[in-house]
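A short write-up of the structure that comes next.
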Amino acid sequence: MRRLLPLLLLAAMPVWAQSDLQPLPAVPPPPPGMEAFDAALEPQVTIVKTEKESREEFRIRGKLYMVKVTPAVGPTFYLVDRLGDGNFVEADIAPNPVKPPMWIIHSW
């Protein structure tokens, strides 16, 4: 009990010290060039559903950069245009990709 009393007093000291609180200053304006929100930077998503699959096409400024393909049977995969040249490659950007451990236990 003797140890608890000093700890309680130390914990209460900041409350006593804050009796003269001041309001915060006004929020400064944004830096130049950042005033307006650029809606062109938001990705546009187009969903195309067929019997065999569902595709989500992601575009920025009208240019297709990623496709998320969800087949009726099987796992979801992503096709990404990494260089911007129109060639899409399968990317491993799933939230939890399965990566089996590959340790060398013993070698000769």
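The values are calculated or read from the model by the stated rules, or taken from the named source; none is laboratory data. Bear in mind that the values here come from a model prediction, so they are computed numbers and not experimental data. Virtual Cβ from ideal backbone geometry, glycine too; neighbours counted across all protein chains shown.
Return a yes/no flag: does segment 94-104 have any residue that is out of contact with any helix residue (DSSP H, G or I) (no Cβ under 7 Å at 6 or more places or on another chain), surrounded by 10 or more Cβ atoms within 10 Å (Cβ to Cβ) and either modelled with pLDDT of 85 or more or not aromatic (Phe, Trp, Tyr) (or both). Yes, segment 94-104 has at least one match.
Scanning segment 47-80 for residues that are modelled with pLDDT under 90 and part of a loop (DSSP other than H, G, I, E, B) gives 61, 62, 74, 75, 76.
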